[in-house]
Amino acid sequence: MTRKPKLGQNFLIDDNARHAIVESLGPIAERTVIEIGPGHGAITTILAAQCRRLIAIELDRALAAELRFRFREQPHVEILEADVLEADLESLIPPGETTDVVGNLPYYITSQILLRLFAAGAKGILSRAVIMMQREVADRLAAAPGVRDYGLLSATAQMNAHVETLFTLPPTAFSPPPDVYSTVLRLEFAPRFRELGVDAARFDVFLRACFAQKRKTLANNLRAAGYSPAELHSCWPAEIPPLARAESLALEPMASLYRALALTADR
């Protein structure tokens, strides 16, 4: 019987791809790995044979039971039946350790999962993630300033990690085949908040204001967020053109503007 797709389930069946994903994590013999959405265990099987400890988070009750039975004689493999958006990732890792993440992210909650991973990375508990997602979303994460795909998700990702595109898979690599291509990215978690001299939570709010309306200039977006023309004029860095849009700017000048505005607000 063929399992009907639900919960965004499209199971990886390409043998080369599943091995390439695990290899992209690097050496994991002494590592703990968290797998998001293991499904029928296409990647889980390879991970279990290589890593020191494996925690597979699966929301589907039937799939979780299937995996528990399959790995019942491997005590280093833990199958956690849970929603990854609600799981306390920090509690799964012993103090002082870091972990790696691998997973085929459900298309409909990709952004929410990424935000959870970035938050965990900011706490220093995640080292690396090799994750698969819809190609269009992956393109946005990896986009450079000035290109069409660059936006809030790009800036947020690149504030939290080094983003590397590895390879793209066609729909035929999955069962059932999705309607889209999927891209595998590698994230090396390296939050830049301290380097750029910004408060993580406040800078996140600032970025959201900067990118609020894609067609508006940065200045117009910030005025709409409550900054006065006088504040913006006095704080505006020389390296940012007056009519620049947020999509055209690297993180460094954005952080420079944020710091200047923050100093004005604190006076």
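The values are calculated or read from the model by the stated rules, or taken from the named source; none is laboratory data. Here the structure is a predicted model, which is why all the values come from computation and not from measurement. Glycine gets a Cβ as well: all are built from the backbone with ideal geometry, and neighbour counts include every protein chain shown. With ligands, DNA and RNA removed, areas are computed over all heavy atoms of the protein, side chains included. Shrake-Rupley method; radii C 1.70, N 1.55, O 1.52, S 1.80 Å.
A few points about this structure:
- Taking the criterion of being among the polar types (S, T, N, Q) and under 26 Å from Asp149 (Cβ atoms), the residues of region 235-267 that qualify are Ser248, Ser256.
- Thr217 meets the conditions (1) over 22 Å from the mean Cα position of the chain (by Cα); (2) polar (S, T, N, Q); (3) closer than 19 Å to Ser111 by Cα in every case but one. The failed one is (3).
- Counting only helices (runs of 4 or more DSSP H) that sit wholly inside region 179-255, those with at least 1 residues that are among the hydroxyl-bearing types (Ser, Thr, Tyr) are 229-235.
- Scanning region 16-45 for residues that are of a type in the set (A, V, I, L, M, F, W, C), over 20 Å from Pro94 (Cα atoms) and surrounded by fewer than 17 Cβ atoms within 10 Å (Cβ to Cβ) gives a single hit, Ala20.
- Boolean, Leu196 is surrounded by 21 or more Cβ atoms within 10 Å (Cβ to Cβ) and farther than 27 Å from Phe11 by Cα: no
- Among (1) out of contact with any helix residue (DSSP H, G or I) (no Cβ under 8 Å at 6 or more places or on another chain); (2) aliphatic (A, V, I, L, M); (3) open to solvent by 40 Å² or more (accessible area, probe 1.4 Å); (4) touching a residue at least 40 places away in the same chain (Cβ under 8 Å), the one test that Leu152 misses: (1)
- The single residue among Asp88, Asp100 that is open to solvent by less than 10 Å² (accessible area, probe 1.4 Å) and closer than 21 Å to Lys123 by Cβ turns out to be Asp100.
- Taking every residue in region 181-207 that is farther than 30 Å from Leu169 by Cβ and pairing it with any residue that is modelled with pLDDT of 95 or more and of a type in the set (Lys, Arg), at least 6 positions away or on another chain, the pairs with Cβ-Cβ distances below 8 Å are Gly197/Arg259; Val198/Arg259.
- Residue match in region 66-78 (condition: buried (at least 19 other Cβ atoms within 10 Å of the Cβ), within 22 Å of Pro176 (Cβ to Cβ) and out of contact with any Ser or Thr (no Cβ under 9 Å at 6 or more places or on another chain)): no
- Every residue from region 215-261 that is without any contact (Cβ under 8 Å) to a residue 24 or more places away in the chain, open to solvent by less than 70 Å² (accessible area, probe 1.4 Å) and acidic (Asp, Glu): none
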